[in-house]
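Working notes, beginning with the structure itself.
The values are calculated or read from the model by the stated rules, or taken from the named source; none is laboratory data. Note that the coordinates shown come from a computational prediction; the quantities given were computed from them, not determined experimentally. Virtual Cβ from ideal backbone geometry, glycine too; neighbours counted across all protein chains shown. Side chains are part of the model used for accessible areas, which takes the heavy atoms of the whole protein and leaves out ligands, DNA and RNA. Shrake-Rupley method; radii C 1.70, N 1.55, O 1.52, S 1.80 Å.
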Amino acid sequence: MDTQRTSFQRRQLLLGAAGAAALTSPLSVLAQGAEEIVIGGSIPLTGVFAFAGVGINAGMGDYVKMLNDAGGIKGRKVKYVPEDTGYKVDVSVAAFKKITSQNKVNLYYGDSTGFSKTINPELDRNGNILMAGASFATELNDPKKYPNQFLVGPDYTEMFGILLKHIAKEKPGAKVAFVYSDSEFGRDPIESCEAEAKKLGLSVPIKIMTPAGSVDVSTEVIKLRRAAPDYTIFHGYILAPIPEFITQGKQQGMTSKWMGTFWTMDSSTVMKMGEAADGFMGVMPYRYYYDTEKAPMLEKIRALRPEYQSTAYIQGFLAAMLFTESAKRCLDAGKPLTGPNLKAALNSIKDFDTGGLIGVPITISGNSIPVGRVYRADMKAQKMVAASDWIKL
């Protein structure tokens, strides 16, 4: 752990020495050469997921600039090559083929579960690429089936596990309702987490599935009110129909606490729920941009971008950090940058300090980072505030 901390501090000194002015230099001024380490990216800069894609792209680009301005990795520059996918699997596959045909790619960021699953055989055939992405699908958290991929946080089942652990501690024996979308994303953690809830001494009196963006939920709210849960966890949505559920539930006298998972939990998304969201809680693997606890890397981000940056930005930034840390460990060991070597290097990460982006040192033993914290919406402050300690599974 001391070695990791020393390594992180050394990296901080290098990054700090580069200076704020250098951080704004365009990638085009970087030395171009055969020795570049290339990160490709299928990024949804347009389409339904653009709100996240724009943040992911900025986060990855910023970390790469910081790293290059501090000298790169063992004297080699890192090049980030993104393509817009519009969040469509076929476009994402075409972007992958284009980027990998024009560059020697060792690291790649994917935009969706669909793309991650579709491209997996190609990753296995290629043998030179380590991939992460926007997906937290439980299925991808399988090193045997997806040996060259990882998740930049806990999978959806682990996110539920963190929430359930928090609930069991806060109110032993609580009743927990699951409300989820009729989609692969929505259904992902439901079955296994019902069993997990029971193991923790919690009961699941009702599970409600709705269309992904449904607006009329009055019938479902009546069913939910009858079940009288102490907590209601929403999954498989970004925003709608969560505000409708909460508003109608409160109007009907429900006293449930309301919770969400990662893609609902960006500060700007929760604040859009308005008054209904006061006290809304959920799981977050990272610190928020405005968190005041000690986090040297957040301070660098805030100096670089004085305006609020989304949790998708933090996810992209951390993905680039873990990609390049894996590459650095491979080069330090004198090993070629192949998919298996990069993944083995990633899995050698133990008690690693992310500069406070995640509030505890992380260990990546499989395909995920099973850690998170429960945050709560404070509508007066217009911020998400910590409601638990960091929870490791």
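Here are some notes:
- Condition met for residue 233 (open to solvent by less than 10 Å² (accessible area, probe 1.4 Å), in contact (Cβ under 8 Å) with a residue 24 or more places away in the chain, closer than 30 Å to residue 347 by Cα and within 23 Å of the chain's Cα centre (by Cα)): no
- Highlighted here are the strands (runs of 3 or more DSSP E) found entirely within the range 50-165 that include at least 2 residues which are at pLDDT 95 or above and open to solvent by 10 Å² or more (accessible area, probe 1.4 Å): 78-84.
- Of the residues making up the range 182-215, those that are hydroxyl-bearing (Ser, Thr, Tyr) and touching an Asp or Glu at 6+ places or on another chain (Cβ under 9 Å) number 2.
- Restricting the range 186-213 to residues that are open to solvent by less than 50 Å² (accessible area, probe 1.4 Å) and hydroxyl-bearing (Ser, Thr, Tyr), the residue that is farthest from residue 137 (Cα to Cα): 203
- Hits in the range 245-255 (condition: open to solvent by 10 Å² or more (accessible area, probe 1.4 Å) and not basic (Lys, Arg)): 247, 248, 251, 252, 253, 254, 255
- Scanning the range 362-393 for residues that are open to solvent by less than 40 Å² (accessible area, probe 1.4 Å) and assigned to a loop (DSSP other than H, G, I, E, B) returns 364, 366, 367, 368, 369, 370, 379.
- Within the range 317-357, if we keep just the residues that are among the polar types (S, T, N, Q) and surrounded by 19 or more Cβ atoms within 10 Å (Cβ to Cβ), the residue that is nearest to residue 80 (Cα to Cα) turns out to be 324.
- Qualifying residue in the range 107-130 (condition: aromatic (Phe, Trp, Tyr) and in contact with a Ser or Thr (Cβ under 6 Å, 6 or more places away or on another chain)): yes
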